[in-house]
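Asks: Here's a structure for you.
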Amino acid sequence: MKKIITVSRQFGSGGRSIARRIAEELGYDYYDSELTNKVAEETGFDPSYIADAGEYAPGRSILSYALSNPSPHSTGRHMNAADYLWATQSRIITELAEKGNCVIVGRCADYILRDRKDCLNVFIHADDAYRAKRIVDLYGVRDKSPQKRLEEKDAKRSVNYKYFTGREWGKTENYHIALDSSVLGSETCVKIITEIAKETES
């Protein structure tokens, strides 16, 4: 039985709702906005800033980090707000994993917990049409087209992952399992992941 499940996901793929259902099915603690609030308590940063900066780069290039504001808590000249947030978030994720069974959404948790044998790392993806329809249904129509929103979110999430992990976001070898929610459906994804977690030895 795997004690920890990390769920990384493309924007609009339904990964967050799948992660919540997995936690409910297994009776695990669930960390998403809960994690954001814990980091906010420790850093003093606004939760809305953490929710965004904890997963997305400031821009679509790694160079965007060079322009990031310095952290008000930094003790060294080279630590910007993003680096300080990463250090705090990584420590809290590690502590939560030590506490007990849990599902953690995004925030490079698959990389942070990469050395744990009791961890199942999942990546949820979907085709663009499915994701575009889903974000309009969930968030409504915006100034930017759904396709543009998907491209920007995915690009910034990919840059964030690359900057902090040195890995390529969404590359299958970084995860134990990758599922297409637009083909399988959310409930089937939940069933597959929970069954794997139950049957796999730590």
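The values are calculated or read from the model by the stated rules, or taken from the named source; none is laboratory data. In this text the structure is predicted, and so the values were computed from the model without any measurement. Neighbour counts run over all protein chains shown; Cβ positions are idealised from the backbone, glycine included. Side chains are part of the model used for accessible areas, which takes the heavy atoms of the whole protein and leaves out ligands, DNA and RNA. Shrake-Rupley method; radii C 1.70, N 1.55, O 1.52, S 1.80 Å.
Asks: Scanning segment 19-48 for residues that are within 16 Å of residue 107 (Cβ to Cβ) and not in a helix (DSSP H, G or I), which turns out farthest from the chain's Cα centre (by Cα)?
Replies: Among those residues, the one meeting the criterion is 45.
Asks: All but one of (1) open to solvent by less than 60 Å² (accessible area, probe 1.4 Å); (2) in contact (Cβ under 8 Å) with a residue 24 or more places away in the chain hold for residue 127, so report the exception by its number.
Replies: (1)
Asks: Can you say whether residue 192 is surrounded by 13 or more Cβ atoms within 10 Å (Cβ to Cβ), in contact (Cβ under 8 Å) with a residue 40 or more places away in the chain, in a helix (DSSP H, G or I) and over 13 Å from the mean Cα position of the chain (by Cα), as far as the supplied structure shows? Don't jump to the end; show me each part of the working.
Replies: Numbers: surrounded by 13 or more Cβ atoms within 10 Å (Cβ to Cβ): yes; in contact (Cβ under 8 Å) with a residue 40 or more places away in the chain: no; in a helix (DSSP H, G or I): yes; over 13 Å from the mean Cα position of the chain (by Cα): yes.
Answer is no for this residue.
The rows are residues; the columns are (1) part of a loop (DSSP other than H, G, I, E, B); (2) modelled with pLDDT of 85 or more; (3) of a type in the set (Val, Ile, Thr); (4) within 26 Å of residue 136 (Cα to Cα).
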| residue | (1), (2), (3), (4) |
| --- | --- |
| 17 | no, yes, no, yes |
| 50 | no, yes, yes, yes |
| 59 | yes, no, no, yes |
| 63 | no, no, no, no |
| 73 | yes, no, no, no |
| 85 | no, yes, no, no |
| 97 | no, yes, no, no |
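Asks: Follow-up question, since we're still on this one. Considering every residue within segment 193-202, establish whether at least one is farther than 21 Å from residue 17 by Cβ and not polar (S, T, N, Q).
Replies: So the first thing to find is which residues in segment 193-202 are farther than 21 Å from residue 17 by Cβ, and the list is 199-202.
Filter once more, keeping what is not polar (S, T, N, Q): 199, 201.
Yes, because at least one residue in segment 193-202 is farther than 21 Å from residue 17 by Cβ and not polar (S, T, N, Q).
Asks: Run residue 139 past the list (1) among the hydroxyl-bearing types (Ser, Thr, Tyr); (2) modelled with pLDDT of 95 or more; (3) closer than 23 Å to residue 33 by Cα and report the number of the one that doesn't hold.
Replies: Result: residue 139 fails condition (2) only.
Asks: In the set 33, 64, which member is in contact with a helix residue (DSSP H, G or I) (Cβ under 8 Å, 6 or more places away or on another chain), open to solvent by 50 Å² or more (accessible area, probe 1.4 Å) and of a type in the set (S, T, N, Q)?
Replies: That would be 33, the only listed residue that is in contact with a helix residue (DSSP H, G or I) (Cβ under 8 Å, 6 or more places away or on another chain), open to solvent by 50 Å² or more (accessible area, probe 1.4 Å) and of a type in the set (S, T, N, Q).
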